[in-house]
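Trainee: Sharing a structure, written as structure tokens. Questions coming.
The values are calculated or read from the model by the stated rules, or taken from the named source; none is laboratory data. All figures in this text were calculated on a predicted structure; none of them were measured in a lab. Here Cβ is always computed from backbone atoms with ideal geometry, including for glycine, and neighbour counts include all displayed protein chains. What goes into the accessible areas is simple: the full protein's heavy atoms, side chains included, and nothing from ligands, DNA or RNA. Shrake-Rupley method; radii C 1.70, N 1.55, O 1.52, S 1.80 Å.
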There are 4 protein chains.
Amino acid sequence: MKALVLEEKGKLALRDFEIPGTLGPRDVRIKTHTVGICGSDVHYYTHGRIGHFVVQEPMVLGHEASGVVLACGDAVVDLKPGDRVCMEPGIPDPTSRASKLGLYNVDPAVRFWATPPVHGCLTPEVIHPATFTYKLPDHVSFAEGAMVEPFAIGMQAALRARIQPGDIAVVTGAGPIGMMVALAALAGGCARVIVADLAQPKLDIIAAYDGIETVNIRNQPLAEAVATATHGWGADVVFECSGAAPAVLHMHELARPGGAIVLVGMPVDPVPVDIVGLQARELRIETVFRYANVYDRALALMASGKVDLTPLISATVPFEDSIAGFDRAAEARDSDVKLQIAMPE
Amino acid sequence: MKALVLEEKGKLALRDFEIPGTLGPRDVRIKTHTVGICGSDVHYYTHGRIGHFVVQEPMVLGHEASGVVLACGDAVVDLKPGDRVCMEPGIPDPTSRASKLGLYNVDPAVRFWATPPVHGCLTPEVIHPATFTYKLPDHVSFAEGAMVEPFAIGMQAALRARIQPGDIAVVTGAGPIGMMVALAALAGGCARVIVADLAQPKLDIIAAYDGIETVNIRNQPLAEAVATATHGWGADVVFECSGAAPAVLHMHELARPGGAIVLVGMPVDPVPVDIVGLQARELRIETVFRYANVYDRALALMASGKVDLTPLISATVPFEDSIAGFDRAAEARDSDVKLQIAMPE
Amino acid sequence: MKALVLEEKGKLALRDFEIPGTLGPRDVRIKTHTVGICGSDVHYYTHGRIGHFVVQEPMVLGHEASGVVLACGDAVVDLKPGDRVCMEPGIPDPTSRASKLGLYNVDPAVRFWATPPVHGCLTPEVIHPATFTYKLPDHVSFAEGAMVEPFAIGMQAALRARIQPGDIAVVTGAGPIGMMVALAALAGGCARVIVADLAQPKLDIIAAYDGIETVNIRNQPLAEAVATATHGWGADVVFECSGAAPAVLHMHELARPGGAIVLVGMPVDPVPVDIVGLQARELRIETVFRYANVYDRALALMASGKVDLTPLISATVPFEDSIAGFDRAAEARDSDVKLQIAMPE
Amino acid sequence: MKALVLEEKGKLALRDFEIPGTLGPRDVRIKTHTVGICGSDVHYYTHGRIGHFVVQEPMVLGHEASGVVLACGDAVVDLKPGDRVCMEPGIPDPTSRASKLGLYNVDPAVRFWATPPVHGCLTPEVIHPATFTYKLPDHVSFAEGAMVEPFAIGMQAALRARIQPGDIAVVTGAGPIGMMVALAALAGGCARVIVADLAQPKLDIIAAYDGIETVNIRNQPLAEAVATATHGWGADVVFECSGAAPAVLHMHELARPGGAIVLVGMPVDPVPVDIVGLQARELRIETVFRYANVYDRALALMASGKVDLTPLISATVPFEDSIAGFDRAAEARDSDVKLQIAMPE
């Protein structure tokens, strides 16, 4: 089978590649249909590593996927061949201490697609545990199904925030993840979500959604805009999605007394935090690491029409052009949110 | 000034009546504009009492109100004459133990409009603490402003439920409060809300909202409908809004393992509960008593367009016809959700 | 191997019995050392059933056990032969929806020792998953190790209560589980725990612990005692451990506004609940079903000396006398809290 | 009346001083008995400011106080002359948005004793709102009563941590507040509390309490000690009480996956935080600002004997020697935890 293989930093190949593995009793074999390109895939391509995860052997990329079930292991009861599905790409040890607590995303033993040394799903067929394979509701397309993975990060952020109905939220950073967070927060109970960035094209894309307001921080200090929008009280929840040091340093100024900050953006190095500023409003800070137990919730919101992710799919390229797709993704155009790869029929 | 006075059980009068009181430094004087008729107003009219609250002296009715600020006490800073407002009708002792905890709704000292011996607001002018008087956003009408009070109960239920984004909820009982709860739950983060009742006209009204599904329990067992809708897993949250003994007895069958039930309906007498049934799914049960700290959240959701309560206003009668309005409300027509009284210009 | 077998309702036999099973890669083989007799074991003996769990085939009893590891499957890393351990008796499907959420106790697929048709551990050797086998800290004896299971229920109740440091708690019902709950609540952060019952010998046993107060409800109305102890405010948490209808009907009178009730006792049939009484104080009600993720916490509290369960071990009988032990347990003497069986060396 | 007046930075005077104020209907007049010296009192003395709070006029110091009620305003019902009491030193606007939420500690309008321009209580008589004046239980001495204020910070930290019964906690920094936090955490449900510092005399003081373990970080890396104590899993809760940049930078290494960090220490300037390190374990971070609704809880724990603060009172000086007392406090001896001033009879 062909696969999109990252041979080493900066070098992709679309070539025959056999991912080892057999269909266990609780696994399903899936024909992949659509695979999104994630910033982490691109980062492995351009840098060969993320933190201490280093690409040392050729690795198949891709972890945002939908497809069709081809075959099921003997113990699988909830899925059958022909089912349209999407796949949660992290596989924990279900008997670990973290998994028993329901925190399987922070199980140190988790194996995550396209994170060295684990192969991803940019190949026509994959084997996956049934328990991490989710049926797509009737009105959710394959393209949307491949959006569940990035949206799941937004869902995790919205869950950790413990949004209360009618909250006002601020999202700093309008990259793909910031957009996902904004939409999850809005569908998840916020009355209003204010998204801030300095790239106007990004703001224009997310501003097209009802309930989203935008602030271009080139034009207006964000703290001032938030104070105006909240009559000086501050936002109930601040989602820091930029990973930018100045945003982190001033994030407490955006939150109301007793409010919450969710750290989604990932600054490479330690950044200065104004702890006394956080304390003066007694803020709670949550962090997120991938997601757990949110795929069904994400799909429910998409199926009900409360969340429409299709406007965020900027382009779809055929599998045979996937290297070009990665090169375009590596350009990080402001007008591109998500690029997807259509796998061969 | 004229007021709608409940002279005694069964006897209303629209007559001159002076509610004692002076404008304190932290109070505002308000010209009432619209006042909704609540089931509790009607119950005092038809029964002369609710539980141990007994009408022993003539009492002005009404507690769902919007209006315009006429004058402000010296210490009021956030309001000014001319402001369009709605009023939270319960006034606690702000220094009580419950109030200090933020639970001012359960402060035993709370004084609540139109709850004996406290007069209500069906009179052209009222004096009210500024801290419980909320400005109406520009796009929220007076009629909507008078809907905030009943919607606040729905908001309180949604808050106590601790909805997680993408939850599936069931509401048992499609009376006015059940409808408010359903809309608050949907805006507050649920992906889907299933409303059950046996009166089809009520179900038809609420079914007109996107995201609301209905089940007429004359036609289908609710537990079966919920099981189908949730693939056998059960609802994340069940809002019991009927107060009906059979609904209470079987409510645990609707909830998923680890789910929540919010008891909103108020059965007059103790009713049988299947405690072992609740335990077998380790359900959490929340109760609500009026509301606290939700008016601003309710207004934010209404201003943003996430919640539109105007379809639930069934009729508006002029103040001079308010006795007729109460008589219609006492009929409890299935097609009436909320009747409102337009106060004199 | 010999086992204590419940042949049918009312008939125990100590006889050769082979529990089927082989040592899987993630299992351990354990030599049992001490096994406690639980009320549910006794109930199967005297009634042949609990709810819809009916003894239809001979079944080995016992689920409160400690022992020594004899052998480990190939994939076991945290245990080794010779380790002193205790065992959590419920084994869920780790890939179920409930287990993924961390709620493995409410996984419908859970297999629980000595719950038909699953055999218990009153036999010299058992095979058990390593992930549900916990090492005993150095200062925790085998006898104490066999107390972890009943104490785990108290821990689960204390967890669900969400105790805040300095809470005042009331426990209604001083049976073995009520005592476990009281001790878990006290160690778990309560400043004071008031235990109520009408059997003075039970109250005398638990009153021997520092921090526990008792009320004999034959002598004083409990609501009055709680009001006095809390200056009229009410208890922060009420643990209902009696399962008695009158206790359930009046439980809301014991709690403070905004307080919590944890339903631990299991009334066989539905019992009347005063829902309006619960709502008037806006109480939260939690239920518990066995326990999840508490064994390590229980052991930490026992090892640190914050909880001493040895005074609750009323007698220890040798394995060969275990039928006599069960007959004594069936007497339900007020002065007996826990009877244990010493397995053969 | 005499008072201890901070005339300006570095200059104390014990002189006649009249704090303006009259006894309002909800106030009590209190004869002060014991007043503790807090690090913030000392900091105003030595630096003339804390952050943007600057001493610009002579100010009476002191905010940790107990005393006896001399007189009550007309509306006071829960207190009477002769009552032994302690006083919560921050007075919010009870009708503010934060106060209505129960978060009166973060009300921007709060007036706090000995925080410019508000006078403190180092004077023989003070007037205080009854709602922030708490009766001392019979077995709690005046000296202990004056310890409630610093212990309240520990209680607030323990509350924000949301300790679960049996948690293992780490406290970094064994200053007076770190000690208070450790004791609140232990009484509040932790099985074990590990306190780390580099000053051995401080560690020796806190190590005298059962359940407290200590690590001198001069001798052993703390992360290593915590890993050993928790079998590599990490602490459930980390209380950062040092305010030291290295402790903040590495705090995530001490916590278990899904654990919590409570930021109690107050670094003057922004300090680097390893956000990716926090995210990798999906930690929750809480901050505290003084306290709210904890005085009754603190007193309950002290009255029940679960918390004994008397070993932390290092010395008591008479009021006439209070300048000497402040000078000793300014030395910050490792062997001094709390110095108290005995007010004149």
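Trainee: Place a +1 charge on the Cβ of each Lys and Arg in segment A:157-287 and a -1 charge on the Cβ of each Asp and Glu, then give the dipole magnitude about the Cα centre in debye, rounded to the nearest 20. Write out the running numbers ahead of the final one.
Mentor: Working: 8 positive and 13 negative charges, 32 e Å.
Charge dipole, segment A:157-287, about its Cα centre: 160 debye, nearest 20.
Trainee: Test of understanding: in a Gaussian network model of chain D with alpha carbons linked when under 10 Å, which of D:Ser304, D:Ser66, D:Ser242 would top the mean-square fluctuation ranking?
Mentor: Looking only at D:Ser304, D:Ser66, D:Ser242, the biggest GNM fluctuation is shown by D:Ser304.
Trainee: So, one more: Dipole magnitude of the protein assembly as shown about its Cα centre, charges +1 at Lys/Arg Cβ and -1 at Asp/Glu Cβ only, in debye to the nearest 20? Before the final figure, lay out each step's value.
Mentor: Details: 112 positive and 160 negative charges, 1 e Å.
Here the size comes out at about 0 debye.
Trainee: Give me the accessible area of C:Val215, 1.4 Å probe, in Å² rounded to the nearest 10.
Mentor: 10
Trainee: If you put a point 7 Å past Cα along the Cβ direction, how far is that point for D:Thr316 from the same point in each other copy, in nm, smallest first?
Mentor: 4.8, 7.0, 8.0
Trainee: With each label point set 7 Å from Cα along the Cα-Cβ vector, what nm distance links C:Glu331 and B:Ala199?
Mentor: 6.1
Trainee: Using only the Cα atoms of segment A:63-142, what semi-axes does the equivalent ellipsoid have when each is the square root of 5 times a gyration tensor eigenvalue? Give whole Å, largest first. It would help to have the intermediate numbers written out before the result.
Mentor: Values: eigenvalues 102, 48, 29 Å².
Rounded to whole Å, the semi-axes are 23, 15, 12.
Trainee: Using 0.36 nm per residue of separation minus the Cα-Cα distance, give me the extension gain between D:Glu125 and D:Ala324 in nm, one decimal.
Mentor: Contour length minus Cα-Cα distance gives 69.5 nm.
Trainee: Something else about it: Take the alpha carbon gyration tensor of segment D:157-287, find the square roots of its eigenvalues, order them as a ≥ b ≥ c, and report rounded if a/c is under 1.5; if not, report prolate when a/b exceeds b/c, else oblate.
Mentor: Working: a/c = 1.32, a/b = 1.15, b/c = 1.15.
Note, shape of segment D:157-287 comes out rounded.
Trainee: Compute accessible area for segment D:187-226 by itself and then with all protein chains, 1.4 Å probe, and report residues whose area falls by 20 Å² or more.
Mentor: Buried by 20 Å² or more upon assembly, which counts only protein chains, are D:Gly188, D:Gly189, D:Ala191.
Trainee: Same structure again: From the label point of B:His47, set 7 Å from Cα along Cα→Cβ, how far away are the matching label points in the other copies, in nm, ordered shortest to longest?
Mentor: Here B:His47 shows inter-copy label distances of 3.7, 6.2, 6.6 nm.
Trainee: Determine which chain D residue has its Cβ at minimum distance from the rotation axis mapping D onto B, giving the value in whole Å.
Mentor: Chain D residue with minimal Cβ-axis distance: D:Gly102, 1.
Trainee: Of the residues D:His52, D:His33, D:His250, which exhibits the maximal mean-square fluctuation in a Gaussian network model of chain D defined by a 10 Å Cα contact cut-off?
Mentor: Comparing D:His52, D:His33, D:His250 in the GNM, the peak value goes to D:His52.
Trainee: Positive end of the dipole of segment D:282-345, charges at C-beta (+1 Lys, Arg; -1 Asp, Glu), about the Cα centre: which of D:Phe326, D:Tyr291, D:Val337 has its Cα farthest in that direction?
Mentor: D:Tyr291
Trainee: Calculate the mean, over all residues of peptide C:158-170, of how many other protein chain Cβ atoms lie within 10 angstrom of the residue's Cβ.
Mentor: The shielding value for this peptide is 6.
Trainee: To the nearest 20 Debye, how big is the dipole of chain A about its Cα centre, given +1 on the beta carbon of each Lys and Arg and -1 on that of each Asp and Glu? Each step should come with its number before you reach the end.
Mentor: Numbers: 28 positive and 40 negative charges, 111 e Å.
Here chain A has a charge dipole of around 540 debye.
Trainee: What is the mean number of Cβ atoms from other protein chains located within 10 Å of the Cβ atom of each residue in peptide A:293-304, rounded to a whole number? Walk me through the numbers on the way to the answer.
Mentor: Working: counts 5, 3, 1, 8, 8, 3, 2, 9, 7, 2, 3, 10.
Partner Cβ neighbours, averaged per residue: 5.
Trainee: Quick check for you: which residues of segment B:203-237 have the amide N under 16 Å from the point 7 Å beyond the Cα of A:Asp138 toward its beta carbon?
Mentor: Of the residues in segment B:203-237, B:211, B:213-214, B:228-231 have backbone N under 16 Å from the label point off A:Asp138.
Trainee: Moving on. How many Cβ atoms of partner chains, on average, are near each residue of B:138-147 if near means within 10 Å of its Cβ?
Mentor: Values: counts 0, 0, 0, 0, 0, 0, 0, 0, 0, 0.
So the per-residue partner count for this stretch is 0.
Trainee: By how many nm would the segment from A:His43 to A:His231 lengthen if fully extended, with 0.36 nm per residue of separation less the alpha-carbon distance?
Mentor: On the way: separation 188, 0.36 × 188 = 67.68 nm, distance 4.09 nm.
Answer, rounded to one decimal: 63.6 nm.
Trainee: Using per-residue counts of other Cβ atoms within 10 Å, averaged over each peptide, order A:7-19, B:324-336 from highest down. All intermediate terms of the calculation are to be shown ahead of the outcome.
Mentor: On the way: A:7-19: 13.4, B:324-336: 15.8.
Peptide ranking by packing, descending: B:324-336, A:7-19.
Trainee: Which of B:Thr34, B:Thr46, B:Thr123 ends up with the largest GNM mean-square fluctuation for chain B, with Cα atoms connected below 10 Å?
Mentor: B:Thr46
Trainee: Next question, about the same structure. Is the shape of segment B:5-139 best called rounded, prolate or oblate, per the rule: a/c under 1.5 gives rounded, else a/b larger than b/c gives prolate, else oblate, with a ≥ b ≥ c the square roots of the Cα gyration tensor eigenvalues?
Mentor: Oblate shape, in that a/c is at least 1.5 and b/c is the bigger or equal ratio.
Trainee: A follow-up question, please. Over the Cα atoms of the protein assembly as shown, compute the convex hull volume and normalise it per residue, giving Å³. Before the final figure, lay out each step's value.
Mentor: Working: hull volume 238.6 nm³, N = 1380.
Taking the convex hull of the Cα positions in the protein assembly as shown, it is 173 Å³ per residue.
Trainee: Something else now. Each residue of segment B:103-116 in order: what ³J(HN,Hα) in whole Hz does its phi give by Karplus 6.51 cos²θ - 1.76 cosθ + 1.60, θ = phi - 60°, with x for Gly and Pro?
Mentor: Computed from phi, the couplings for segment B:103-116 are 9, 5, 5, 9, 5, x, 8, 4, 10, 10, 3, 6, 10, x Hz.
Trainee: Counting only the heavy atoms of the protein chains, how much of A:Met266 is accessible to a 1.4 Å probe, in Å² to the nearest 10?
Mentor: We get 110 Å² for A:Met266.
Trainee: Which shape class applies to segment A:301-341: rounded if a/c is under 1.5, otherwise prolate when a/b exceeds b/c and oblate if not, where a ≥ b ≥ c are the square roots of the Cα gyration tensor eigenvalues?
Mentor: Working: a/c = 4.33, a/b = 1.90, b/c = 2.28.
Since a/c reaches 1.5 but b/c is at least a/b, the shape of segment A:301-341 is classed as oblate.
Trainee: Tell me the mean residue ellipticity at 222 nm calculated for chain B from its helices only (DSSP H runs of n ≥ 4, each -39500 (n - 2.57), averaged over every residue, nearest 500).
Mentor: Working: 11 runs with 90 residues, N = 345.
Using -39500 (n - 2.57) per qualifying helix, the result is -7000 deg cm²/dmol.
Trainee: Suppose you put the label 7 Å out from Cα in the Cβ direction; list, shortest first and in nm with one decimal, how far C:Gln220 is from each other copy's label.
Mentor: 4.7, 5.6, 6.3
Trainee: Considering only C:Ala235, C:Ala207, C:Ala174, whose Cα is most displaced toward the positive end of the charge dipole of segment C:157-287, charges sitting on Cβ of Lys, Arg (+1) and Asp, Glu (-1)?
Mentor: Highest projection toward the positive end goes to C:Ala235.
Trainee: Within chain A, what percent of beta bridges assigned by DSSP are antiparallel, to the nearest 5? The partial results should precede the final answer.
Mentor: On the way: 36 of 64 bridges.
Rounded to the nearest five, the antiparallel share is 55 percent.
Trainee: What's the carbon and sulfur percent of segment A:36-175's accessible surface, probe 1.4 angstrom, rounded to a whole number? Numbers along the way, then the final one.
Mentor: On the way: 2600 of 4660 Å².
That fraction is 56 percent.
Trainee: If you line up the long axis of helix D:322-331 against the longest principal axis of chain D, both from Cα atoms, how many degrees apart are they, to the nearest 10?
Mentor: So the helix axis and the longest Cα principal axis differ by about 20 degrees.
Trainee: Hey, another quick one. Considering only Cα-Cα distances, which of the following residue pairs are longer than 32 Å: A:Lys100/C:Lys306; D:Lys2/D:Lys306; A:Lys100/C:Lys202; A:Lys135/B:Lys202; A:Lys100/A:Lys338? Walk me through the numbers before you get to the answer.
Mentor: Details: A:Lys100/C:Lys306 25 Å; D:Lys2/D:Lys306 37 Å; A:Lys100/C:Lys202 36 Å; A:Lys135/B:Lys202 34 Å; A:Lys100/A:Lys338 34 Å.
Distance filter (> 32 Å) returns D:Lys2/D:Lys306; A:Lys100/C:Lys202; A:Lys135/B:Lys202; A:Lys100/A:Lys338.
Trainee: Chain pair D, A: how much accessible area is buried, both chains summed, with a 1.4 Å probe, in Å² to 100? Before the final figure, lay out the partial values.
Mentor: On the way: alone 15630 and 15610 Å², together 28020 Å².
Separately minus together, D and A give about 3200 Å² buried.
Trainee: Amide H of A:Ile194: which non-local residues (sequence gap of 5 or more, or other chain) have their own amide H closer than 5 Å, using H built in the peptide plane?
Mentor: A:Ala169, A:Val170, A:Val171, A:Glu213
Trainee: Follow-up question, since we're still on this one. Whole number in Å², please: accessible area per residue of segment C:187-305, 1.4 Å probe, ligands, DNA and RNA not counted.
Mentor: 34
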